[in-house]
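Values quoted throughout were computed directly from the atomic coordinates according to the rules given, and no laboratory measurement underlies them. In this text the structure is predicted, and so the values were computed from the model without any measurement. All Cβ positions, glycine included, derive from the backbone under ideal geometry; neighbour counts span all protein chains shown.
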Amino acid sequence: MFFDQAEQMGDKPFLWAKQEGAYKPLSWREVDRQVRCLARALKAQGVGPGDRVVIVSENRPEWAIADLAIIACGAVTVPAYVTNTVADHLYILENCGAKGLICSTSKLLANALPAAVHSAHCVFAIGLEEPENRPEGNLRFQTWRQALQQGEAMEDDVRALAAVRQRNDLACIIYTSGTGGAPKGVMLSNRAMFTNLLSAYDLLAEFGLGHEVFLSFLPLSHSYEHTCGLFFPISIGAEIYYAEGADTLAANLQEARPTIMTAVPRLYEVLHGRILAGVQRAGGKKLDLFMKALELGRKRIERPQELTLGEKLQNLLLDLLVRRKVKQRMGGRLKTFISGGAPLNYEVGIFFLSLGVKLCQGYGQTEAAPVIACNRPFRIKIETVGPPLLGVEVKIAEDGEILARGDFIMDGYWDDPEATERTVVGGWLHTGDVGEIDADGYIRITDRKRDIIVISGGDNISPQRVEGFLTLQPEIFQAMVYGDKRPYLVGLIVPAQDFVERYAKQNGTAPDLAQLAGDKGFRSAIAEVIDRVNKNMSQLEKVRRFLIATEPFTTDNHMMTPTLKIRRHAIRKEYGDRLDALYEGKGA
């Protein structure tokens, strides 16, 4: 697919990355050349059909080139997260028996190379940069430039190598980021990924696909970005811009001007907060118009039959005065945001839809290559994850679990037949999610089987729902609720940094979370926010006591996965004793 597209697209721009402060492209022809050179260099390193090669890199053109080169020479790509420790890398290298490693910067090589040196299977490593210390022992090391030069001098047989790849051949092993326990290697075949691409095309063709531009933000080591942010753009001949990071995302949206963007809910929560903060700072007439656009936009979606003629005319005017400006902030040509990877808070979803920004919530998991369902663009029910995609069969088990079947299902977990047998039964993928299907065939996720809190009274509570309402408050950045086998819920709260700084300035204290956690006035301010949330929650969902975290949940402290989901087991390990103490009356 890639070689066919490259032949057709030629010198048109394909992969865009920042160089010296400006986005610059690599053409399809140049990427094709580098893929062929690297594939031949890998072959010279002894890489053959079925061999595994690990990629450790931030999102950049070389990530895509490495992935395509590995697959082209018959091998299997194994992405790894850039946040991995030496031990994490060693686990993956050993678990999949990787023959080699491709890594980007010297900073990432500092963790990846020691793991490769100690791996029993890894015989070579390729780095985009020189490591601070060249590896000792038998591990062969080349720079990216040396590998390309070596491949360029070899006979070009890559197209012939790629041509013998079969539908059921293994394309990649993607390790689940793991919100609990050791990650498992999900085996995805060419069949599974192509099925997903065809399903995605059927969905997105409704937007009128033409010359498309993607902004790649979610890590390519995640199956969602791997399929939807790399291979789907390739399949339609689209351009891909690589975002620099979360802090520059707003600027990158303006620079790339994407037509389609896929991301996790956390991104949309951040954009939601920044847009609201911006108009609140502006105040005055601008704020009044914005809030009216939200009010009437929401009414147009939720209760269209109640709109008066005057409100309809006012809405048209707000399209020009407010909604058009919001769209310009997204680059001006965005057809849709796609949200997946975790549940999207309804209030965040309705916020964007009310502002005229199309946001389609989807659903899937790595084991499904990864998409199972998604809202259709002209019938969005944002409280659902949409109907199953083309080629996807879904049913609800007796216990409410969502089951899925089709050619997109994984081949299993690498070297873990027992876990495979528990997860895929009779051809049906047991997703671990609980839900229902409405009269229109749209799937509504109601719970996560393993995340459900069962309080001591026997009632089931979805922690993600409660956490979603907490983090919608501008004063709260992150939250985790706790209470399994307990009489009620308690919460761990990470206050928003701007709220921390504002409080500290007003009260003459240091903006230090660890210090403010014991400040009575600060705790009272947080308590008022939680009381505000509790007013709209059922008795069972109310957070009765809380603890203030001493630092945010991040990938660096291993309390958050690289796809920005909280790692409950890691947070409980750190804060469990103090959360338990809340039930003994110690704390707020």
**OP:** Amide H neighbours of residue 473 under 5 Å, at least 5 residues apart or on other chains, H built in the peptide plane: list them.
**Re:** none
Subject >> Proximal lysines to residue 43, defined as alpha-carbon separation beneath 18 angstrom and excluding residues fewer than eight positions away on the same chain >> reply: 99
Subject >> the range 453-582: Cα Rg divided by the 2.2 N^0.38 Å rule of thumb >> reply: 1.03
Subject >> Backbone N under 16 Å from the residue 156 label point (7 Å along Cα→Cβ), restricted to the range 33-53 >> reply: 33-41
Subject >> Length released on extending from residue 285 to residue 397, taking residue separation times 0.36 nm less the Cα-Cα span >> reply: 35.1 nm
Original post:
What FRET efficiency, computed as 1/(1 + (r/R0)^6) with R0 = 51 Å and r the Cβ-Cβ distance, is obtained for residue 198 and residue 512, rounded to the nearest 0.05?
Top reply: 0.45
**OP:** Return the percentage of antiparallel bridges among DSSP beta bridges fully within the chain, rounded to the nearest 5 %.
**Re:** 55 percent
Subject >> Förster radius 22 Å - calculated FRET efficiency between residue 485 and residue 446, Cβ distance, rounded to 0.05 >> reply: 0.55
Original post:
In nm, what is the difference between 0.36 nm times the number of residues separating residue 537 and residue 551 and their Cα-Cα distance?
Top reply: 2.4 nm
**OP:** Kindly express, to the nearest 10 degrees and within the range 0 to 90, the angle between helix 309-318's C-alpha long axis and the longest C-alpha principal axis of the chain.
**Re:** 50 degrees
Original post:
Between exposed GluC sites (Glu not before Pro) in the chain, where DSSP calls loop and at most 10 other Cβ atoms lie within 10 Å, what's the longest gap?
Top reply: 156-397
Original post:
Given 0.36 nm per residue, what is the gain on full extension from residue 305 to residue 164 after removing their alpha carbon distance, in nm?
Top reply: 45.0 nm
**OP:** Counting other Cβ atoms within 10 Å, keep those with at most 11, restrict to DSSP loop, and tell me which trypsin sites (Lys or Arg not before Pro) in the range 67-176 are left.
**Re:** 167
**OP:** Tell me the label-point distance for the pair residue 544, residue 581, using the 7 Å Cα-to-Cβ offset, in nm and rounded to one decimal.
**Re:** 1.9 nm
Subject >> Between the range 362-425 and the range 138-198, the Cα center-to-center distance that results, in Å >> reply: 24 Å
**OP:** Would you calculate the separation in nanometres between label points at residue 146 and residue 314, each defined as 7 Å from the Cα along the Cα-to-beta-carbon direction?
**Re:** 7.0 nm
**OP:** Return the subset of 285/381; 299/381; 395/565; 485/520; 299/358; 286/358 for which the Cα-Cα distance in this structure is over 20 Å, preserving the input order.
**Re:** 285/381; 395/565; 485/520; 286/358
Original post:
How far is it, in nm, from the label point at residue 415 to the one at residue 129 when both lie 7 Å from their Cα along the line to the Cβ?
Top reply: 3.1 nm
**OP:** Compute the signed sum of charges (Lys and Arg +1, Asp and Glu -1) over the other residues within less than 9 Å, Cβ to Cβ, of residue 237.
**Re:** -1
